[in-house]
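Peer 1: Below is one structure. I have some questions about it.
What follows draws every value from the coordinates through simple rules; no lab data is involved. If you're wondering where the values come from, they're calculated on a predicted model, not measured in any experiment. Here the Cβ is made from the backbone with ideal geometry for all residues, glycine too, and neighbour counts use every protein chain on show.
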Amino acid sequence: MKQYDLALYQYSSCPFCAKVRRFMAANELDIPLKDTMMDSSARQQLVDVGGRSTVPALMIDGEIMYESDDIIHWMQENLVNGS
């Protein structure tokens with residue numbers, strides 16, 4: 001299986017972030033979390049790479065993917081089904 005360099009930019013009270021975290025937990029996916037509310041450098045990284053601070057955002061090999069449904073679909077296809 002291909003190995004990806006991943007990080008999920010999120011914060012705890014965001015309902016769309018919680019949706020992605022629930023999917024990760026249900027599928028036992030261990031992806032590093034970066035809290036953009038508590039860590040200003042994580043927020044700045046997200047803006048520098050993706051152009052905006054919207055969460056959830058999944059960093060995949062240096063590229064940003066936004067939108068919880070798109071992130072979950074990508075995880076399903078590449079990490080769950082692809083394993």
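Peer 1: Quick one: work out the % antiparallel among DSSP beta bridges in the stretch 6-80, nearest 5.
Peer 2: Antiparallel bridges make up about 75 percent of those DSSP assigns within the stretch 6-80.
Peer 1: How far, in degrees from 0 to 90, does helix 40-50 lean away from the longest principal axis of the Cα atoms of the chain, to the nearest 10?
Peer 2: Helix 40-50 sits at roughly 70 degrees to that axis.
Peer 1: I'd like to know which of S40, A26, S12 lies farthest towards the positive end of the charge dipole of the chain, counting +1 on Cβ of Lys and Arg and -1 on Cβ of Asp and Glu.
Peer 2: The listed residue farthest towards the positive side: S12.
Peer 1: Can you compute the label reach from Q3? Point 7 Å from Cα along the Cβ direction, backbone N cut-off under 15 Å, restricted to the stretch 42-81.
Peer 2: The answer is 61.
Peer 1: Next question, about the same structure. Based on the inverse mean of 1/r over its pairs of different Cα atoms, what is the Kirkwood hydrodynamic radius of the chain, in Å?
Peer 2: 12.7
Peer 1: With a cut-off of at most 12 other beta carbons within 10 Å, and DSSP calling the residue loop, which trypsin sites (Lys or Arg not before Pro) in the stretch 9-66 qualify? Please list them.
Peer 2: Here the sparse-neighbourhood loop sites are R52.
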